[in-house]
Number of protein chains: 2
Amino acid sequence: MKSIFYSRFFILLPWILIVIIVIDIDTKRLSVRNTASFYLSRLGNVQQRQVVRTTRTSSSTSSGSNTSSPPVIYAITPTYSRVVQKAELTRLANTFRQVPHFHWVVVEDSNSHTELVSRFLARSGVRYTHLNVLTPRRFKRTGMPRATEQRNLALGWLRGRRASKDKGVVFFADDDNSYSLELFEEMRSTRKVSVWPVGLVGGRRYERPLVKNGKVVGWYTGWKADRPFAIDMAGFAVNLQVILSNPRALFKRRGAKPGMQESDFLKQITKVEDLEPKAQNCTQVLVWHTRTEKVNLGNETKRQQDSIFIEV
Amino acid sequence: MKSIFYSRFFILLPWILIVIIVIDIDTKRLSVRNTASFYLSRLGNVQQRQVVRTTRTSSSTSSGSNTSSPPVIYAITPTYSRVVQKAELTRLANTFRQVPHFHWVVVEDSNSHTELVSRFLARSGVRYTHLNVLTPRRFKRTGMPRATEQRNLALGWLRGRRASKDKGVVFFADDDNSYSLELFEEMRSTRKVSVWPVGLVGGRRYERPLVKNGKVVGWYTGWKADRPFAIDMAGFAVNLQVILSNPRALFKRRGAKPGMQESDFLKQITKVEDLEPKAQNCTQVLVWHTRTEKVNLGNETKRQQDSIFIEV
């Protein structure tokens, strides 16, 4: 009797051990996968070339519909051909590559995708959508608002390609500003419309919403303080669902006064008292309205020309 | 007899399985660790806060003496207080954070470490050394070479803290240029002195060394083509051992003509025929000499002042 018990015990024990170990391995594998995907997402998926390339015509892929994952940040960047364009896009991509759950909507002011931007985006390591629309010549004058058509096209793309199940935050990221990574984590929790300070704008060191008891009560600004929303394009983000549920909200050409684009747009989707202050009640500057100097090309034609074409 | 065989078999088989599984787990753990360290190194060690903070007085840590690891890139960045400083350093750190085996030598033009730069570096997620030296007032004039004292202090730091066993590449990374990540992989293999094109410089779209049969034979430049090395500060890198074995090589104040800093320095350590062309025989622009516009602060004093101090 005793010997039967022992023999059964020694046969069963190792099988139980095997089951325990196998369960343990499965847990580990899961955590390996999680660790890897965490780092991969931090890297903007560069390493595994999981970059999703969507174009104006191709159907969109991963739309952030997974309800357990954090909201996707849709950064809308209007851009146009100029000699510093690739330099600006390069340092922008270097920043965006480190923002997890990020989708870059790049809209060229052109009749078609330019080769430079197409090639650049394909190698950028950032999930992106490449759009284009030409600004009519009559709007290309000093004092006219810029990039209106490009931002509106991006809003149209979001409305056509994203649905009520998709979690996202929309941000207008001009291509010459400087962005800290913290900014994106601040804006990710935007429920309706969030706001924060912007550095180097309005003829001042910074502009910011003035906050009292967690509510925006005014604007610290260097310019046109009577605007309903005295804020720069880089100073706010909008929840994707707000964009979708206000299908007519657009940047306006008709009746738009210079410098009123942001205010005119925000009036259509929110009220000042509903704004969500970010960056420690709007006391931290996490984005800067930098401007890149025009390049002096005075010697371009003066001296010998190069024998090959080099993209700059 | 048969029953004894079966009972032994069923007792031994699971134990053998257990041993196999345990060996398998150990291998997996190793690979998890390797994967993690790979991604961590790509992230500039941000995640685990393995950031090494060395200061002028503290003893240096990891000096890249491990002969199996790739050479460390020492990027020397002179910087000075101005309203766009933090914006520029932010986007610079966003780029450098993604360069593996990187050590940022930041040299302030100041009497002591400023709080802004100290705080910024401590949170940058980049391995760094923070130095400072004030440019004498008599040298702060238009037409005078800039950042001479800062670059020389960084060279002195390298000569004092690094030895012949250390593998490294030294690069002068001004704080307003734009850098692609590819640039750093190109320069990492520098054996003596390497060169490549620089965009948006010399009044041209780009300047570059002209290469024939893998050797530099001249310069495509917009300006002072008769310089022995007609190249911008962002256009070359030097192997650490060349810096160490030429202890007197420095940027000069005495007898230095404007715009001759690079050429005067390179003359002390190399010859044109020994230069190593990078970036596909100097046909790719991977770095741009961008300049940030001076900020208009015209409204800073005009209107109401903020009630709190906010760092910009």
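Summary of values
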| quantity | calculated |
| --- | --- |
| Condition check for residue A:260: modelled with pLDDT under 95 and away from chain B (no Cβ under 12 Å) | yes |
| Answer residue from segment B:268-278, given it is of a type in the set (D, E, K, R) and in a loop (DSSP other than H, G, I, E, B) and is farthest from the other protein chains (Cβ to nearest Cβ) among those | B:271 |
| Verdict on residue B:249 being out of contact with any Cys (no Cβ under 9 Å at 6 or more places or on another chain), farther than 18 Å from residue A:310 by Cα, of a type in the set (Gly, Ala, Ser) and surrounded by 15 or more Cβ atoms within 10 Å (Cβ to Cβ) | yes |
| Per-region count, segment B:185-199, residues touching a His at 6+ places or on another chain (Cβ under 9 Å) and either open to solvent by less than 10 Å² (accessible area, probe 1.4 Å) or β-branched (Val, Ile, Thr) (or both) | 2 |
| Residues being away from chain A (no Cβ under 12 Å) and part of a strand (DSSP E or B) - total across segment B:169-178 | 4 |
| Neighbours by Cβ (under 6 Å, 6+ apart or cross-chain): first from segment B:219-238, among the polar types (S, T, N, Q); second in a loop (DSSP other than H, G, I, E, B) | B:221/B:202; B:221/B:230 |
| Matching residues in segment B:285-301 - criterion: being assigned to a loop (DSSP other than H, G, I, E, B) and within 7 Å of chain A (Cβ to nearest Cβ) | B:285, B:290, B:291, B:293, B:295, B:296, B:297, B:298, B:299, B:300 |
| Total residues in segment A:284-311, condition surrounded by fewer than 19 Cβ atoms within 10 Å (Cβ to Cβ) and in contact with a Gly (Cβ under 8 Å, 6 or more places away or on another chain) | 7 |
| Residue in segment B:91-104 that is touching a Phe, Trp or Tyr at 6+ places or on another chain (Cβ under 7 Å), outside any helix (DSSP H, G or I) and open to solvent by 10 Å² or more (accessible area, probe 1.4 Å) present | yes |
| Residue within segment A:265-276 that is buried (at least 17 other Cβ atoms within 10 Å of the Cβ), in contact with a Phe, Trp or Tyr (Cβ under 8 Å, 6 or more places away or on another chain) and not hydrophobic (A, V, I, L, M, F, W, C) present | no |
| Condition broken by residue B:281, with the remaining ones in (1) within 14 Å of another protein chain (Cβ to nearest Cβ); (2) open to solvent by 40 Å² or more (accessible area, probe 1.4 Å); (3) in a loop (DSSP other than H, G, I, E, B) satisfied | (3) |
| Residues satisfying the stated conditions in segment B:105-158, i.e. crowded, with 18+ Cβ neighbours inside 10 Å and on the phi > 0 side of the Ramachandran plot | B:125, B:147 |
| Filter result for residue A:207 (of a type in the set (Asp, Glu), surrounded by fewer than 24 Cβ atoms within 10 Å (Cβ to Cβ) and within 14 Å of chain B (Cβ to nearest Cβ)) | no |
| Positions within segment B:228-241 being in contact with a strand residue (DSSP E or B) (Cβ under 7 Å, 6 or more places away or on another chain), open to solvent by 10 Å² or more (accessible area, probe 1.4 Å) and closer than 23 Å to residue B:166 by Cα, in sequence order | B:239 |
| Filter result (aliphatic (A, V, I, L, M) and over 16 Å from residue A:169 (Cα atoms)) within segment A:251-278 | A:256, A:260, A:272 |
| In segment A:283-312, residue nearest to residue A:184 (Cα to Cα) [restricted to those that are of a type in the set (S, T, N, Q) and touching a Ser or Thr at 6+ places or on another chain (Cβ under 8 Å)] | A:290 |
| Qualifying residue in segment A:159-175 (condition: within 17 Å of residue A:73 (Cα to Cα), β-branched (Val, Ile, Thr) and open to solvent by less than 30 Å² (accessible area, probe 1.4 Å)) | yes |
| Residues satisfying the stated conditions in segment B:179-190, i.e. part of a loop (DSSP other than H, G, I, E, B) and within 14 Å of another protein chain (Cβ to nearest Cβ) | B:180 |
| Where a residue in segment A:249-270 is of a type in the set (Val, Ile, Thr) and its partner, wherever it lies, is open to solvent by 20 Å² or more (accessible area, probe 1.4 Å) and assigned to a helix (DSSP H, G or I), with Cβ under 9 Å and at least six apart | A:269/A:245 |
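To keep it simple, each residue is scored yes or no on (1) at pLDDT 95 or above; (2) more than 12 Å from chain B (Cβ to nearest Cβ).
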| position | (1), (2) |
| --- | --- |
| A:192 | yes, yes |
| A:200 | yes, no |
| A:203 | no, no |
| A:212 | yes, no |
| A:217 | yes, yes |
| A:234 | yes, no |
| A:239 | yes, yes |
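The values are calculated or read from the model by the stated rules, or taken from the named source; none is laboratory data. Everything numeric here is computed off the predicted structure, so don't read it as measured data. Please note: Cβ atoms are built from the backbone with ideal geometry, for glycine as well, and neighbour counts cover all protein chains shown. Side chains included, ligands, DNA and RNA excluded: accessible areas come from the protein's heavy atoms. Shrake-Rupley method; radii C 1.70, N 1.55, O 1.52, S 1.80 Å.
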